[in-house]
Amino acid sequence: MAPRRSAVEEEEEQELENNKIKLQFNEPLTWRPGKPIPIDQLLKRLDRLSKELGEMEQDTPDQNPLTKIAKDVASHQLLNHKDKGVRAYTACCVVDLLRLCAPDAPFTPSQLKDIFNLSVTSIIPALFDPSNPYNNQHKHVLRSFAEIKSVVLLLDVEGSDNLLLHLFSTIFDGVSGTKSASGEQVGKDVEYTMQELLGVLIDDALSLPAKVVDVIMAQFLRAAAPGGAKDKHDHVPLDDNQATLLLKEEPEAYQMAKSLCQQYPEKMNRFVSQYFSDVIVDATSFAGRPNGNKDGDSDDEEDGPTGPSESDLRELRKAHTLIREVWKAAPMILMNVVPQIDAELSADNVHLRQLATETLGDMIAGIGAAGPPPPPTLDPTAYPPLRLDDEDRAEARIENILTTPMCAISFSQTHNATFHNFMNRKNDKASTIRASWAAAAGYILSTSAGGIGLSREDETDLIQGLGEKLSDNDERVRLAAVRAIESFRFQDIITKLAPSGGVLKDGSVLSTLADRCRDRKPAVRVAAMSLLGKLWAVGTGELLSGNEAVIAALSGIPTRILNAFYANDQELNVLLDRVIYECLVPLAYPPQKKGAKNATSNGNSQSQLAHTAVPSEQDAIRAERILLLVRSLEPGAKKAFFSMQARQPQFARVLQTFIKQCDQYNGGVMDDNAEQKTTNLHKTVHYIVQFLPDDAKSKSDLLKFAKVNDRRNYNLIKYVIGQEHDFKTVHKALKELIKRIQTSKDPSILETLLPLLYRSGCIMFNRSHLSTIMDYSKSDQDGMGTTAHEILNEISQHNPDLFKTHIGQLCKDLVDQAPDAERENEPVVAETMKACSTYARKYPKEIPVDRDFNKKMINYALYGQPAKVAKYAVNILLSKKDDRSMVSATDLLQRTMKDWTYGSPHFLNKLATVSQLELLAHKVTNEAEDDILNLTVQKILLEVRTEASERDTEWVGDAKMDEECQAKCLSLKILANRLRSIIDPSEAKEQAKMTWKLFKKLVSDKGELSKTKQTPKHHKSRLRLLAAQLMLKLCTQKHFDDLLSAADFDMLALTTQDEVQEVRHGFVRKVQKYLADGKLRSRYYTIIFLIAFEPSADFKQRTETWIRSRARYFQDMKQPVLEAVMARLLSLLAHHPDYSSDVSNLADHARYLLFYISLVATESNLGLIYKYAERVKQTVDALKPRSDNHQVLSDLAQAIIRKWQEKKNWAFNAFPGKVGLPLGLYSALQSHSEAQAIAERQFVPDGIDEKLDDLLRALDRKKVCLMNKRKSVDDRHHDAHPPSKRSRVQPRTAQPKEPKAPKPVSRRTVAAKVKKSAAKPKAARSSSPVNDADRRRSGRSRKSHTYIERDSSEDDEEMLDGVAEWEYENGDTEGRRVRVRRKADEVEDDDDDDGKDAQEDSAAEEDEEDDGGDDGGKGVAKAGSAKQDDEQEDESELSEPADVEEEAEQEDEGEKAVEEESEDEVSPPPASTSPPPPQNGRRAKAPAAAAKTKPVAAVRAKAAPRGKAAAKPAPVAKSAASERPTRTRRKVETATYDMEEDSD
């Protein structure tokens, strides 16, 4: 029996019962059917009840009345009442009852269902209308549910899934919906309470329905860009006025979902993992399902199982897009999802791997569903330029919160294994995945992994991988890598990419990016070159200020861009023009502010004009950018840039001719000469389109432009190309023209016309820029004085018309700075003198004629420093060619001849003055001829004053040349100019005998003239180079060229293999220049092919490119010039001092021939080259009649040609006609029997076949290495014709006679019998740092080296001095002399070619310049015109047609140039010729079998078929050339030379 409670306990309990508050409300709330309570009374009762319940504290009221009232409140009559007020008060009463009765709800399950149904469907949605009269009651319900957490009862209600779905959907949609009808926005307190309400449900729920999780996840997709994820990388640039359109914060529903995920990470992690598993886990099953939606253009490398269907992919993309955004907002809830994406990285299906790669990349970079941020703006026209340390000037980034990358945690640290798996995708076999990886890597680096940062190792790996993708073998990957770098801000490029190396450092990311400028795919090179150009333009501010980091990173960009000029690709040239004028130096730079136009009417315009320059200041700013560009260029790129600017006058004349003919064409409506005018127009168009990439489209566009016949457009083009217009006029005209064409019926015409306008317009070198450039040349501001002088020199050389408005100031400056006997001039005056000299040559009337000016020019001649100033002064002084000029010349000579002794004051000036007077005023110098010759020859050239030493170097630069060496060089020029000034050819030949002999001795004796004393090595190098160059210069005139015998030609050609590199290069460059200008006969092309052993790889590569360029030019002109060189090359090699008939030495000679074949031969001309090689065998050596060297080499050449044909798998087309050989080198055989015996004889020794195979294999191995190194370089010009599948030989009517079978000899035995060098040569010192065995192979032993040659597919062709139009000189009946068209009154300068050459230590001083320069004139330089000045620099590639109608006539004349010695041909002997090469041995069985049983010589020397009629043998020519008594044979061991004389 339980103990009774004490009285105290009972009393306390009674007191507690008495203290409980009893509900005072006792009015009825329900009614009988048919007798409802009036709404107003019902509302009042519910209001009183609600207030009373609301005032009660929990645990204080009496439960019995509450239970009763709860039954009434939860009745259907109130919960489903039609009046919203009744429902609102009822809900308030319900939530208060739940609060007061907690934890036990006073409602039945069915009542609870009705209550939550009311709350979810009516009360909570009403909260989004703040103007609702019962809004306070609605808020009370919401607060009570959230604070008391009574809403958790919803989880136990039947059908709670639908209610939860409706609740979540209603709240998310409501907070992000539009404003209410009244325009009021939902209060933030309501949103926070709703978020708390949902959080209570998530926290208490053991599981959430999948659809509810779907709704939560869907809120993150509110950040996705409109149109879906496919458009996330497409950004439309917004201006400042549109910045307000961007979101500054996430949508409210997005923020709510984000907060829920962050507050309950563990629960959401479980819910989300299950959600994504439903979509992602089954992805591996896609690979096994058949799919008909796979793209038809997928890579053949994508050979995995069939991919998912389009619907599957849509779901996957949606899921992955959502994962990106969830990681950005709440990464902790994806801990179990990341491994699922990691598994996709290893899926067989390409679509899954790509999607996983893109998703992980965006996750690491913090990029959400809205996509990456828009790429930064790199504005090349911005002024002032961007500065790294100027935050105020940093680009104003318009932030969009949805596209702002951000990460809360580091992906690489949280999911390290997945991160490394992602990194491995850079080597995926599928190119699309590698491209996706490259794009992702760019975003990761540019965003610093969403702002969280990367470890040093991870950042290094990403940068290295991005650089590797820039060299990927798939264009899509390379393009993606370039686009990835576009996502970097300028500061990021300097701080992240540049530390690994700048543009000029091989292997760095920026250097690899620069390599893409010459990519074989247009899209890649356009993107790369444009990006680089913008980067350099944006960085000009830092470059000018001397920022070392920016200089190291970007200073080489202009060089890398302009080096693309040497590729000689028309598409690349058009791109280069656009990048120069739209990125490097944009036409709109510096920009003019819009507010400048309204400055006078707007009181606030002064602030807008703060950085707006007046026109003169704009010109100065633009000129400064041009100076910086030129200063940044390396020699090769600078030469290309100047060449592009030098062609402007020529293109302008071409375009002017086109406009003139369009005007005459009159849109096709002509009164007279319609056919002729139409023909002229078509000829001009045909000429123009050869400089544009798409001939057909370009021609069509130009004809459309002519058909439109818009006179305004014609005038605008004239404004653009007119040199008399300032830059502002040119720019305005160009802008208007572009706008008019863009709005015309055919806007595509602009694609063709714009490159022509860029090339012909006065844009870069404009007269508006000239004054600023001249100021820089005087002040040397920012160290640009030298650059300014270079530009002024180029303008004076190629476009002196620009000086018309400045020549007066130029001459005044020269007068002010003139030297005298006590005062020297500034060294920079030399460039100004040169510019004035060139201008005076073209416009002599513009030069002052006053006595004071002439006096100052005489002072420059006598005292100017350096000594070359004297030459320019004489040119200016004698430019008018009148009597006064001759008087001045006489006065100058008299003053010069005073104290005419070696070592007198200003002695070098006197020599330079006399040298130029000899050229320009020969009559004046005649009286002092004996004194001049006595000093120059006897006292200077034949004497040695400087002691020779073993420590002497082989070469010194121009600046370090001692006075004696300079004096000897000037003396040689005096002798050469003396001959050039003689007009009468017979007199010139007579006077040239002694000088010619002296030059030949210098070349043959390696620069030594003294018989008693040894000349220093660097003196000898200079003298032999200058002597060889002066011989070339003299040979540009026909009567002097006739003096150069075949033996002397061979001796001169060996300068190409001189032991001193500067001598070799200087001589070869001079030969190239004269050949490109059309001044030398085609036999001089033979000299170029002796560089086969050139050790300087860069120089050899450039020379190869030049040869290919010339070969293509002759091929286009239908002139087989280089094919005919084969005969001369065989003769030159036959008399080479290193020739030997043993196998090893013949293999060396085979390298010369292989070098020639690889550069010249195509499938179309191979038969002609073979014909020349075959023809040589049927002749007698005219220089050594008893020698058979040429016949040995003929057989060797035929074998090489056949092997080259087999290697290339070309079809062989035998040349059907006859070919002539130079009579001075070959003479005809005497009889048919002799010819037949030679045809049947094998001249090459056995064993040579293996040597040739080794050479070709070595060439292939080297080619593979080069292809691996430069795999993405443009290879569109691999060959003139694609290789055929089978070797085809045209059928011959006559069957060749079978040769006698040679005695079989074992190849190994023959190889073993080859004699080796008997003795090692003596070693002598050499300055060459490269083993001379690599330059030329003499009969000596050396280390084995393979023949290194690049195939045309690897070579980027350069123009060098360009392609000129050829025209025969008047009166040259033999057709030997070919010249570039130039004005007849041009003066030839003798002294300035190599002073501005690419290499500083070039072969001679300024007197290396060519005879005259093409300034676009129509005349032809006469052979006897000796009073010419050679200041003209190298010509550009475009020769301007004086009249395009003459083109056909010139082509006809050009055909005569094919056989430049047409009368010096050797008639073919009365013997049959050997057959063409057999078919490819790998294809044809019979030739293959023959090749196995016979040595190669046996196959090569087959008897040729007899002709129909035997031609009479030509009489043997009497060769004017005698055999040389001595020959210098170079014997080299390691890197030294030993000279010894060997009798021929």
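The values are calculated or read from the model by the stated rules, or taken from the named source; none is laboratory data. On a predicted model such as this, the values are computed, not experimentally measured, just so you know. Backbone-built Cβ (ideal geometry, glycine too); neighbour counts: all protein chains shown. What goes into the accessible areas is simple: the full protein's heavy atoms, side chains included, and nothing from ligands, DNA or RNA. Shrake-Rupley method; radii C 1.70, N 1.55, O 1.52, S 1.80 Å.
Of the set (1) closer than 22 Å to Met56 by Cβ; (2) without any contact (Cβ under 8 Å) to a residue 40 or more places away in the chain; (3) open to solvent by 10 Å² or more (accessible area, probe 1.4 Å), all apply to Asn80 but (1).
You will find that of Gly361, Gly366, the residue that is at positive phi, small (Gly, Ala, Ser) and touching a helix residue (DSSP H, G or I) at 6+ places or on another chain (Cβ under 7 Å) is Gly366 and no other.
So is Glu826 assigned to a loop (DSSP other than H, G, I, E, B) and over 40 Å from the mean Cα position of the chain (by Cα) or not? Taking the combined requirement at face value, the residue does not satisfy it. Looking at region 353-452, the helices (runs of 4 or more DSSP H) lying wholly inside it that each contain 3 or more residues that are surrounded by 23 or more Cβ atoms within 10 Å (Cβ to Cβ) and within 33 Å of the chain's Cα centre (by Cα) sit at 431-446.
Restricting Val1125, Val1143, Val1121 to those that are touching a Pro at 6+ places or on another chain (Cβ under 6 Å) and either buried (at least 22 other Cβ atoms within 10 Å of the Cβ) or β-branched (Val, Ile, Thr) (or both) reduces the list to Val1143. For the residues Phe727, Phe691, Phe705, the requirement of being in contact (Cβ under 8 Å) with a residue 12 or more places away in the chain and closer than 23 Å to Arg1112 by Cβ singles out Phe691. Assess whether Leu655 counts as being open to solvent by less than 10 Å² (accessible area, probe 1.4 Å) and outside any helix (DSSP H, G or I). No; evaluated as a whole, the condition is false for this residue.
Taking the condition at negative phi, part of a helix (DSSP H, G or I), in contact (Cβ under 8 Å) with a residue 40 or more places away in the chain and under 49 Å from the mean Cα position of the chain (by Cα), does Leu1002 pass? Taking the combined requirement at face value, the residue does not satisfy it.
For a quick check of your reading of the model, give me the residue pairs whose first member lies in region 37-52 and is over 10 Å from Gly85 (Cα atoms) and of a type in the set (A, V, I, L, M, F, W, C), whose second is modelled with pLDDT under 85 and open to solvent by less than 90 Å² (accessible area, probe 1.4 Å), with beta-carbon atoms closer than 6 Å and at least 6 apart or on different chains. Close Cβ pairs satisfying both conditions: Ile37/Trp31; Leu49/Phe25.
Of everything listed in (1) open to solvent by 40 Å² or more (accessible area, probe 1.4 Å); (2) within 29 Å of Pro265 (Cβ to Cβ); (3) assigned to a helix (DSSP H, G or I), the single unmet condition for Asp458 is (1).
When each of Lys318, Lys267 is tested for being over 30 Å from Ser448 (Cβ atoms) and at pLDDT 85 or above, the lone residue that passes is Lys267. Taken as a whole, the condition of being under 26 Å from His906 (Cα atoms), among the basic types (Lys, Arg) and in contact with a His (Cβ under 9 Å, 6 or more places away or on another chain) does not apply to Lys989. Scan region 946-966 for residues that are touching a residue at least 40 places away in the same chain (Cβ under 8 Å), in a loop (DSSP other than H, G, I, E, B) and not hydrophobic (A, V, I, L, M, F, W, C) and the total you get is 8. Pairing each residue of region 136-160 that is under 16 Å from Lys188 (Cα atoms) with any residue that is at pLDDT 90 or above and open to solvent by 50 Å² or more (accessible area, probe 1.4 Å), provided the two are 6+ apart or on different chains, yields C-beta distances under 7 Å for Ala146/Glu196. Looking across Lys745, Lys732, Lys707, one residue alone is out of contact with any helix residue (DSSP H, G or I) (no Cβ under 7 Å at 6 or more places or on another chain), modelled with pLDDT under 95 and assigned to a helix (DSSP H, G or I). It is Lys732. In region 526-544, of all residues being β-branched (Val, Ile, Thr) and surrounded by 22 or more Cβ atoms within 10 Å (Cβ to Cβ), the one that is farthest from Leu629 (Cα to Cα) corresponds to Val538.
Among residues that are of a type in the set (Val, Ile, Thr), open to solvent by less than 10 Å² (accessible area, probe 1.4 Å) and in a helix (DSSP H, G or I), Ile551 is not included. Take the conditions (1) open to solvent by 30 Å² or more (accessible area, probe 1.4 Å); (2) among the charged types (D, E, K, R); (3) over 22 Å from Leu544 (Cα atoms); Glu624 misses just one of them, which is (3). Just one of the listed residues (Asp816, Asp782, Asp801, Asp775) is without any contact (Cβ under 8 Å) to a residue 24 or more places away in the chain, over 25 Å from Ala889 (Cα atoms), open to solvent by 10 Å² or more (accessible area, probe 1.4 Å) and not small (Gly, Ala, Ser), namely Asp775. Which residue out of Lys1000, Lys1011, Lys1100, Lys1070 is more than 23 Å from Glu964 (Cβ to Cβ) and open to solvent by 10 Å² or more (accessible area, probe 1.4 Å)? Lys1100 is the lone residue from the list that is more than 23 Å from Glu964 (Cβ to Cβ) and open to solvent by 10 Å² or more (accessible area, probe 1.4 Å). With respect to Thr495, is the statement that it is more than 15 Å from the chain's Cα centre (by Cα), of a type in the set (Ser, Thr, Tyr) and open to solvent by 10 Å² or more (accessible area, probe 1.4 Å) true? In short, yes. When each of Gln664, Gln645, Gln676, Gln650 is tested for being assigned to a helix (DSSP H, G or I) and either at pLDDT below 90 or within 30 Å of Asp782 (Cβ to Cβ) (or both), the lone residue that passes is Gln645. In region 838-848, the condition of being under 12 Å from Gln797 (Cα atoms), hydroxyl-bearing (Ser, Thr, Tyr) and in contact with an Asp or Glu (Cβ under 9 Å, 6 or more places away or on another chain) is met by at least one residue.
If the condition is being assigned to a helix (DSSP H, G or I) and in contact (Cβ under 8 Å) with a residue 60 or more places away in the chain, then region 710-724 contributes Ile717, Lys718, Ile721. Between Val236, Val186, the distinction of being in a loop (DSSP other than H, G, I, E, B), modelled with pLDDT under 85, buried (at least 16 other Cβ atoms within 10 Å of the Cβ) and among the β-branched types (Val, Ile, Thr) belongs to Val186 only. Only residues that are assigned to a helix (DSSP H, G or I) and within 21 Å of Asn825 (Cβ to Cβ) were counted in region 784-814, giving 19.
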